[in-house]
Amino acid sequence: MTPLVEATSISRRFTRGLDYAERLARFLGANIEERVVHAVDGVSLTINPGEVVGLVGESGCGKSTLGRIMAGILPQSDGVMNWQGKDMSALPRAEAKAARLASQMIFQDPMSSLNPRKTIRDIIGEAPVAHGMVARRDAAEMVTALMQRVGLDPSYLNRYPHQFSGGQRQRIGIARALAVNPRFIICDESVSALDVSIQAQILNLFMELRQELGLTYLFISHDLGVVKHISDRVAIMYLGRIVESAPADAFFAAPNHPYTIALLSEVPTIKQRKRQFNPVKGEIPSPLHPPSGCHFHPRCPHAFDRCRIERPILREIAAGHVSACHLNEMPGKAASPAIPTTAIA
Amino acid sequence: MTLKVENLCTYFFTRAGVAKAVDGVSFEVGRGEILGLVGESGSGKSITGFSVLGLVDPPGRIAGGRILFHGEDLVGRSQGEMRSLRGKKIAMIFQDPMMTLNPVLSIETQMVETVRAHDRVSKAEARARAVEALGLVGIPSPDERLAAYPHQFSGGMRQRVAIAMALLHRPELIIADEPTTALDVTIQSQILAVIQGLSRDFGMSLIWISHDLGVVAGLAHRIAVMYAGRIVETGETDTVLDNPVHPYTIGLMRSVPANLERGEPLTPIPGMAPPPLGRPAGCPFRLRCFAATAACKTEPEETAADGHRWRCFHPQIARAA
């Protein structure tokens, strides 16, 4: 099977150049350098047609940047993005446009991703009309059908975004993404801002759409519970790198990387009452100055000398289950959860 | 009993009508006890916290009920009296620590000021207390960090500073309004560990306001679930979570993916919470409720059994959620 999207050794750096005063100071001998953030650092991720991949990480780990690169709305600094087996940067214009249209993104905050001065009819109908997928006179009909599909009352066709609640606005964002018949949907924290009862409605909608339209999802979230519910495969990011990736069942049954284990044991669930919180120490380091070797070593309870020097690569530890931890090369030393994580998340 | 709230009503008198943000809420918190106040946005959980501290601004005001702190009613106290209590006996921690911290003053200035607002002590002594409080919440090298400004701290560290400020006078009651909601999981866990230890070591009572049943389950001794300005169900944490009887509590638990096995479909609560000015008569949940009948058009009274209380005509007693 040809993967739908395939990222190979993708990196993305954000550089803040020096201003005049800083250049002058450096000329005079001050130790000032350009600040470079390695948002994504050599990441490979393959997404097969029809698959739901959950991308999990804490703030600043680069998960949104990776999502944007995979959606084709942000160029990578290094690496190759393939769309249906072909290098995206080498595609002829028409094919490249089709690939971009086929990848649509749904954002966390619908209020900042919907134009407040446009009606729902324009927000949803604009793109398909512009791309010649539907004639302008048929747009209203198409928008009505889409609104029904995502659970909005079509009589609200001429309303503005502020007249809707948070959950309804998220439905508008979904309808807008669906309007251009995408194959690949990138959800960037799309349910994080919603109340739980509304969040469940939107998650169910995502699953229905997947069944009906055969969609492929990259589901970016910090919430392991949501990701466990929706994903076929899970990838964990820490400070710009994927540290573990596995089919969801295997992942939650036998997490391997020490960071993953810490993350899983710290997700609060109602099954654990009046528990003893036993958090992993330290803070997430700044991506401006990432630690050497394994990025997690300053916080890792198992870290040893090699972790400080050498970056661990992703190695297969079971079928389809990869993890980047030096412990896996030392028989009998691999990290294992202090408490069974099957009950968690 | 550290705090006893009886039939608290906090209304907002707006031009469009009277918004009953808190509408007849009663609960109590004992010494060293942690009460989890759970609800979705607009349920009135934050306004309940603000009411206890006397922080409700016009057009809102406490329209009825009593707030008994060690048996003395706080409703109707003057601003001056409330001010001598706030920060001293009752403290608050907010979701956004920048609501507590002044961005243009160093942590030292702010903490010394807070100490000396209530206690007549020398600056050196106030500073020593600040260092001690920062140490308690796990800020590394507190002596040096005192000189820093809020923007020099990360989000998790700022929240620790805000907690340290709340602790300066060893309050008997802390009201925490979603203090970990904006934080990452590993950082949230660190803050929860700090709070739990402090409550245990100093016998501090805590009202933990949150939308996250998971956090509350791990922390609280008792839970109160709020919906549309009322407490719809309350009891011991284990009782409420193992045998929820109110259809809203059950719906809430079924909506959280983390509580289910993988692949089990979510059962969302249909519709959305009614706005404060457009609540249906009778039980405010009846339009979204799977068990609603004609009886629900009148308002359900509170039913109590072994410390487990609920407001519902159709409690789901036999079923396990």
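Here are the numbers for the structure shown:
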read-out: Leading residue by the ranking (farthest from the chain's Cα centre (by Cα)) among those in the range A:277-299 that are modelled with pLDDT under 90 and among the hydrophobic types (A, V, I, L, M, F, W, C); value: A:Phe277
read-out: Residue check, A:Ser265 within 10 Å of another protein chain (Cβ to nearest Cβ), open to solvent by 20 Å² or more (accessible area, probe 1.4 Å) and among the hydroxyl-bearing types (Ser, Thr, Tyr); value: yes
read-out: Test for B:Arg127: is it out of contact with any His (no Cβ under 6 Å at 6 or more places or on another chain), surrounded by 14 or more Cβ atoms within 10 Å (Cβ to Cβ) and either among the polar types (S, T, N, Q) or without any contact (Cβ under 8 Å) to a residue 60 or more places away in the chain (or both); value: yes
read-out: Number of positions in the range B:261-276 that are at pLDDT 85 or above and open to solvent by 70 Å² or more (accessible area, probe 1.4 Å); value: 1
read-out: Single condition A:Ser112 does not satisfy, out of (1) hydroxyl-bearing (Ser, Thr, Tyr); (2) more than 30 Å from A:Pro75 (Cα to Cα); (3) within 19 Å of the chain's Cα centre (by Cα); value: (2)
read-out: Sole residue being in contact with a Gly (Cβ under 9 Å, 6 or more places away or on another chain), open to solvent by 20 Å² or more (accessible area, probe 1.4 Å) and over 28 Å from A:Ala102 (Cα atoms), chosen from A:Pro247, A:Pro287; value: A:Pro287
read-out: Hey, A:Arg136 more than 14 Å from chain B (Cβ to nearest Cβ), out of contact with any Gly (no Cβ under 8 Å at 6 or more places or on another chain) and open to solvent by 30 Å² or more (accessible area, probe 1.4 Å) or not; value: yes
read-out: Residue that is farthest from B:Ala273 (Cα to Cα) [pool: residues in the range A:208-222 that are open to solvent by 30 Å² or more (accessible area, probe 1.4 Å), more than 8 Å from chain B (Cβ to nearest Cβ) and in contact (Cβ under 8 Å) with a residue 12 or more places away in the chain]; value: A:Gly214
read-out: Matching residues in the range B:179-195 - criterion: being open to solvent by less than 20 Å² (accessible area, probe 1.4 Å) and in contact (Cβ under 8 Å) with a residue 40 or more places away in the chain; value: B:Pro179, B:Gln190
read-out: From the options A:Ser231, A:Ser245, residue that is out of contact with any Asp or Glu (no Cβ under 7 Å at 6 or more places or on another chain), more than 11 Å from every other protein chain (Cβ to nearest Cβ) and modelled with pLDDT of 90 or more; value: A:Ser245
read-out: Per-region count, the range A:114-132, residues in contact (Cβ under 8 Å) with a residue 40 or more places away in the chain and closer than 24 Å to A:Glu208 by Cα; value: 7
read-out: Count - residues of the range A:122-133 that are over 18 Å from A:Ile106 (Cα atoms) and open to solvent by 60 Å² or more (accessible area, probe 1.4 Å); value: 4
read-out: Test: A:Ile309 is in contact with a Ser or Thr (Cβ under 8 Å, 6 or more places away or on another chain) and buried (at least 20 other Cβ atoms within 10 Å of the Cβ); value: no
read-out: When residues of the range B:130-153 are limited to those that are open to solvent by 30 Å² or more (accessible area, probe 1.4 Å), farther than 26 Å from B:His70 by Cβ and in contact (Cβ under 8 Å) with a residue 24 or more places away in the chain, the one farthest from the chain's Cα centre (by Cα); value: B:Ala147
read-out: Filtered residue count, the range B:82-108, keeping only those that are over 19 Å from B:His169 (Cβ atoms) and open to solvent by less than 40 Å² (accessible area, probe 1.4 Å); value: 1
read-out: Candidate set: the range B:219-231, residues that are within 8 Å of another protein chain (Cβ to nearest Cβ) and surrounded by 24 or more Cβ atoms within 10 Å (Cβ to Cβ); chosen: the one farthest from B:Pro276 (Cα to Cα); value: B:Leu219
read-out: Pair list, Cβ < 7 Å and 6+ apart or interchain, from the range A:173-194 residues that are farther than 25 Å from A:Lys97 by Cβ to residues that are hydroxyl-bearing (Ser, Thr, Tyr) and open to solvent by less than 10 Å² (accessible area, probe 1.4 Å); value: A:Glu189/A:Ser221; A:Ser192/A:Ser221
read-out: Tally, over the range A:76-113, of residues that are without any contact (Cβ under 8 Å) to a residue 12 or more places away in the chain, assigned to a loop (DSSP other than H, G, I, E, B) and in contact with a helix residue (DSSP H, G or I) (Cβ under 8 Å, 6 or more places away or on another chain); value: 1
read-out: Residue within the range B:166-185 that is within 14 Å of chain A (Cβ to nearest Cβ), closer than 20 Å to B:Ser210 by Cα, in contact with an Asp or Glu (Cβ under 6 Å, 6 or more places away or on another chain) and of a type in the set (Val, Ile, Thr) present; value: yes
read-out: In the range A:28-62, residue least open to solvent (accessible area, probe 1.4 Å) [restricted to those that are acidic (Asp, Glu) and part of a loop (DSSP other than H, G, I, E, B)]; value: A:Glu58
read-out: Condition broken by A:Pro92, with the remaining ones in (1) closer than 30 Å to A:Ser197 by Cα; (2) modelled with pLDDT of 90 or more; (3) open to solvent by 60 Å² or more (accessible area, probe 1.4 Å) satisfied; value: (1)
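The values are calculated or read from the model by the stated rules, or taken from the named source; none is laboratory data. The structure displayed is predicted, hence computed values, not measured ones. Cβ coordinates were reconstructed from backbone atoms using ideal geometry, including for glycine residues, and neighbour counts include every protein chain displayed. With ligands, DNA and RNA removed, areas are computed over all heavy atoms of the protein, side chains included. Shrake-Rupley method; radii C 1.70, N 1.55, O 1.52, S 1.80 Å.
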